[in-house]
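**Q** Have a look at the structure that comes next, please.
The values are calculated or read from the model by the stated rules, or taken from the named source; none is laboratory data. Just so you know, these numbers come straight off a predicted model, no measurement behind them. Please note: Cβ atoms are built from the backbone with ideal geometry, for glycine as well, and neighbour counts cover all protein chains shown.
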Amino acid sequence: MEPSSNGSFNLRRMRRKRVGLILAGVLFLATIFGIVVLVTLLVDVVLTSVPWLDGQFLGSLPSRNPGEAGIQSALVGSLWLMGLTALISVPLGVASALYLEEYAQDGWFLRLIQVNIANLAGVPSVVYGILGLALFVRFAALGNSLLSGALTLSLLILPIIIISTQEALRSIPSGIRESAYALGATRWQVIYSHVLPMAAPGIMTGVILALSRAIGETAPLILVGALTFVPFVPQGALDQFTALPIQIFNWTARPQDEFRGLAAAAIVVLMILLFTMNLTAILLRNYFEERRAGA
Amino acid sequence: MSTPSSPPTTTAEDATARGERPAADLRQRVYDSPKEQAIKYALGACAFISVLTTLGIAAVLIIESIPFFQSVPFSEFFGDTRWTPQFADKHFGIWALLSGTLLVTVISAVVALPVGLASAIFISEYASKWVRKVLKPGLELLAGVPTVVYGYFALTFVTPLLQAAIPGLGVYNALSGGIVVGIMIIPMVASLSEDALQAVPDSLGAAAYALGSTKYEAVVRVKVPAAFGGIMASFILAVSRAIGETMIVTLAAGATPKLTLDPRESIQAMTAFIVQVSKGDTPQGTIEYQSIFAVGLVLFLITLAMNIVANRITRRYQEQY
């Protein structure tokens, strides 16, 4: 390891190369660490869930008897939540992004909103839960309803939708807008007929990722009063509800092994839902990136 | 705001004066038509909702905390070291909860910052295009795992593993929660730090090579220091995320608020306390119920301050190149 008398520069160069190689190895191991944990988690969950995951589990209401318990009400609750959240947050988020990218002129108002959105994205989800509890559950008197939960989740994912929509809008070449203007289109015509359709895949990718964030959220729903034991399937937006993450939390927190198995089975269902959504988003993005690069 | 910036308006009045086709109509009736104006203001109103959200959060936290601070003076809130709202002898010393949060956050930072930065360097500088195509979605999937699933993982997998290694470790401990919170924020550190590394101009690396650097010297001594600002910002954002993390600490770190720095102890984080109170049937109007708003306010202020600092750093750093 010590520099030798003849051509010390060369020898040191060997050593430096070796250090570099070791570093590359360490970096690689660190990078793999996350993936290994992910795989471990998935394998562990799937193995634990096997005895519990069947048609009866998907189609049954929760029960105090682990053998009869199922996630029907939680699954339906989660789907309701996702639908309502999408209905509320997507129009608002896309509209906000359109204003910021296509209308707003540089100035204090635009900067205020931009800084504000960046900071909102970092607010802990449990704080959104507190806001939802005070604003929707109590002040608006919506109670512990699906609507309260969906409104809270909408506020939570609004910054994500706005930021990703802004990125999608920014990636549309300004030549498209200028050509449309040159042909006499109004600003809204330019946006509605040209910018939005072109940005749609990018917007959709962002929306799917934001919704997959919403569907996995637990803390805000606990705050707005999602129930842990709901032996009925919600029929409307003002019904009380439970959701998959709530059910997972409830079962995990119980000491008995049977309930841990049920939690694992519910996690598998949630993860399948999430991976499908994420995969769709990633494929959508790759497809359109390649198409744009090819064009 | 009343005159649109684009498209440029022509001298419409001149055109009408010359008796040509009424080009003015294009500007006045179509471009500035009530419909166009209405759309503009409607979109602006939507954008304003985000500002209202922030104001709403601040207002709710402050207004709802007032009754709490009327019965618990600041001197006790910041001076006491016990947090016992459920006991007959009630104490409201935030340090007992804050130290729990701090302990978990420090452990998670020890796990996530080195691993996340190493991942960022590897993906940005070493990985081939093909490897990157596998690793990046992998990390994105890791980032997409819901926190309640991480909580399950901490309690049912990591804790038994730790118990085998550390004799006498309880079921609920700060260590397990902290490690898993760290795993949760690795993708955040990795992706933001990678952005920072990517933003370093290629000329810097090229200059290092031209002076005879090896790859690792170019990366470690030139590129990483050049991306320092962005890397710091990613660290701060990730730590702020760890502070606000709720489900992992609720499930794995315990429900016993105490002032300790021992990672083997069962503790309670601020977020876990908020969940504990709201999932029980604590009646509205009791001091215990009011306390979640005070704790929420502390949580909000800490994370807000960290986010503002991180965003400042990012912006200043972006201007450098």
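**Q** Taking the range A:95-131 on its own, how many of its residues are outside any helix (DSSP H, G or I), in contact with a helix residue (DSSP H, G or I) (Cβ under 8 Å, 6 or more places away or on another chain) and not small (Gly, Ala, Ser)? Steps first, please.
**A** As a first pass, look at the range A:95-131 and keep what is outside any helix (DSSP H, G or I): A:104-107, A:121-124.
Okay, now just the ones that are also in contact with a helix residue (DSSP H, G or I) (Cβ under 8 Å, 6 or more places away or on another chain), so A:104, A:121-124.
Filter again for not small (Gly, Ala, Ser), leaving A:123-124.
So the count comes out to 2.
**Q** What number of residues in the range B:54-104 are in a helix (DSSP H, G or I) and touching a helix residue (DSSP H, G or I) at 6+ places or on another chain (Cβ under 8 Å)? Steps first, please.
**A** Of the residues in the range B:54-104, the ones in a helix (DSSP H, G or I) are B:54-71, B:74-79, B:95-104.
Those still in the list that are touching a helix residue (DSSP H, G or I) at 6+ places or on another chain (Cβ under 8 Å) too: B:54, B:56-58, B:60-62, B:64-65, B:67-69, B:71, B:77-78, B:95, B:97-98, B:100-101, B:103-104.
The total comes to 22.
**Q** Moving on to the next point. Can you name the condition, by its number, that residue A:239 falls short on among (1) touching a Ser or Thr at 6+ places or on another chain (Cβ under 6 Å); (2) of a type in the set (Asp, Glu); (3) surrounded by fewer than 24 Cβ atoms within 10 Å (Cβ to Cβ)?
**A** Among (1) touching a Ser or Thr at 6+ places or on another chain (Cβ under 6 Å); (2) of a type in the set (Asp, Glu); (3) surrounded by fewer than 24 Cβ atoms within 10 Å (Cβ to Cβ), the lone unmet condition for residue A:239 is (1).
**Q** Still on this structure, I have one more. Restricting to the range A:216-252, name every residue that is at pLDDT 90 or above, within 9 Å of chain B (Cβ to nearest Cβ) and not in a helix (DSSP H, G or I).
**A** Matches in the range A:216-252: A:217, A:218, A:224.
**Q** From the list A:141, A:134, pick out the single residue that is farther than 22 Å from residue A:213 by Cα, part of a loop (DSSP other than H, G, I, E, B) and without any contact (Cβ under 8 Å) to a residue 40 or more places away in the chain.
**A** Working: A:134 fails: part of a loop (DSSP other than H, G, I, E, B).
None of the other options fit; the residue is A:141.
**Q** Which residues, taken from the range A:171-202, are part of a loop (DSSP other than H, G, I, E, B) and touching an Asp or Glu at 6+ places or on another chain (Cβ under 6 Å)?
**A** A:186
**Q** Have a look at A:95, A:168 and point out the one that is more than 11 Å from every other protein chain (Cβ to nearest Cβ) and closer than 22 Å to residue A:281 by Cβ. It would help to see each step written out before you state the result.
**A** Details: A:95 fails: more than 11 Å from every other protein chain (Cβ to nearest Cβ).
None of the other options fit; the residue is A:168.
**Q** Can you tell me how many residues in the range B:180-204 are within 14 Å of chain A (Cβ to nearest Cβ) and either surrounded by fewer than 24 Cβ atoms within 10 Å (Cβ to Cβ) or out of contact with any helix residue (DSSP H, G or I) (no Cβ under 6 Å at 6 or more places or on another chain) (or both)? Walk me through it before giving the result.
**A** So the first thing to find is which residues in the range B:180-204 are within 14 Å of chain A (Cβ to nearest Cβ), and the list is B:180-195, B:197.
Those left that are additionally either surrounded by fewer than 24 Cβ atoms within 10 Å (Cβ to Cβ) or out of contact with any helix residue (DSSP H, G or I) (no Cβ under 6 Å at 6 or more places or on another chain) (or both): B:188, B:191-192, B:195, B:197.
Adding up the residues that qualify gives 5.
**Q** Moving to a separate point now. Regarding residue A:81, is this residue over 24 Å from residue B:113 (Cα atoms) and either assigned to a helix (DSSP H, G or I) or not acidic (Asp, Glu) (or both)?
**A** Numbers: over 24 Å from residue B:113 (Cα atoms): yes; either assigned to a helix (DSSP H, G or I) or not acidic (Asp, Glu) (or both): yes.
Criteria met by residue A:81.
**Q** Take residue A:150 and decide whether it is farther than 18 Å from residue A:102 by Cα and at pLDDT 90 or above. Before you say what the answer is, go through the steps one by one.
**A** Values: farther than 18 Å from residue A:102 by Cα: yes; at pLDDT 90 or above: yes.
Here the answer is yes, as residue A:150 does meet what is asked.
**Q** Return a yes/no flag: does the range B:183-199 have any residue that is β-branched (Val, Ile, Thr) and either on the phi > 0 side of the Ramachandran plot or not in a helix (DSSP H, G or I) (or both). Give the steps one after another, and end with the answer.
**A** Kept after step one, since they are β-branched (Val, Ile, Thr), are these residues of the range B:183-199: B:183, B:185-186, B:189.
Add one more test, that the residue is either on the phi > 0 side of the Ramachandran plot or not in a helix (DSSP H, G or I) (or both), and what stays is none.
Looking through the range B:183-199, none of the residues is β-branched (Val, Ile, Thr) and either on the phi > 0 side of the Ramachandran plot or not in a helix (DSSP H, G or I) (or both).
**Q** On the given criteria, is residue B:115 within 14 Å of chain A (Cβ to nearest Cβ), assigned to a helix (DSSP H, G or I) and not basic (Lys, Arg)?
**A** Numbers: within 14 Å of chain A (Cβ to nearest Cβ): yes; assigned to a helix (DSSP H, G or I): yes; not basic (Lys, Arg): yes.
Judged against the criteria, residue B:115 is a match.
**Q** Now for a different question. Testing residue A:11 on (1) more than 12 Å from chain B (Cβ to nearest Cβ); (2) modelled with pLDDT of 80 or more; (3) part of a helix (DSSP H, G or I); (4) surrounded by 14 or more Cβ atoms within 10 Å (Cβ to Cβ), one condition comes back false. Which one is that?
**A** Of (1) more than 12 Å from chain B (Cβ to nearest Cβ); (2) modelled with pLDDT of 80 or more; (3) part of a helix (DSSP H, G or I); (4) surrounded by 14 or more Cβ atoms within 10 Å (Cβ to Cβ), only one is false for residue A:11: (2).
**Q** Just give me the residues in the range B:57-112 being of a type in the set (S, T, N, Q), within 14 Å of chain A (Cβ to nearest Cβ) and under 14 Å from residue B:243 (Cα atoms), in sequence order.
**A** In the first step, residues of the range B:57-112 are kept if they are of a type in the set (S, T, N, Q); the result is B:65, B:70-71, B:75, B:81, B:84, B:86, B:99, B:101, B:105, B:108.
Those left that are additionally within 14 Å of chain A (Cβ to nearest Cβ): B:65, B:101, B:105, B:108.
Across the range B:57-112, the qualifying residues are B:101, B:105, B:108.
Every residue, every condition in (1) more than 21 Å from residue B:299 (Cβ to Cβ); (2) outside the structural domain of residue A:192 (by TED's automatic domain parsing); (3) buried (at least 18 other Cβ atoms within 10 Å of the Cβ); (4) among the small types (Gly, Ala, Ser), yes or no:
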{"position": "A:90", "(1), (2), (3), (4)": "yes, no, yes, no"}
{"position": "A:112", "(1), (2), (3), (4)": "yes, no, no, no"}
{"position": "A:130", "(1), (2), (3), (4)": "no, no, yes, no"}
{"position": "A:133", "(1), (2), (3), (4)": "no, no, yes, no"}
{"position": "A:145", "(1), (2), (3), (4)": "yes, no, yes, yes"}
{"position": "A:161", "(1), (2), (3), (4)": "yes, no, yes, no"}
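**Q** Those residues that are assigned to a helix (DSSP H, G or I) and touching a helix residue (DSSP H, G or I) at 6+ places or on another chain (Cβ under 6 Å), I need them from the range B:269-286; list them, please.
**A** Step one: of the range B:269-286, the residues assigned to a helix (DSSP H, G or I) are B:270-279.
Across the range B:269-286, the qualifying residues are B:270, B:271, B:272, B:273, B:274, B:275, B:277, B:278, B:279.
**Q** Hey, another quick one. Residues in the range A:189-211: is at least one under 21 Å from residue A:94 (Cα atoms), within 10 Å of chain B (Cβ to nearest Cβ) and either at pLDDT below 90 or within 16 Å of the chain's Cα centre (by Cα) (or both)? Break it down stepwise before answering.
**A** Keep residues of the range A:189-211 that are under 21 Å from residue A:94 (Cα atoms), which gives A:189-211.
Next, only the ones that are within 10 Å of chain B (Cβ to nearest Cβ) stay: A:189-192, A:209.
Add one more test, that the residue is either at pLDDT below 90 or within 16 Å of the chain's Cα centre (by Cα) (or both), and what stays is A:209.
Yes, the conditions are met somewhere in the range A:189-211.
**Q** Does residue B:89 fit the bill of being surrounded by fewer than 15 Cβ atoms within 10 Å (Cβ to Cβ) and among the acidic types (Asp, Glu)?
**A** For residue B:89, the condition - surrounded by fewer than 15 Cβ atoms within 10 Å (Cβ to Cβ) and among the acidic types (Asp, Glu) - is met.
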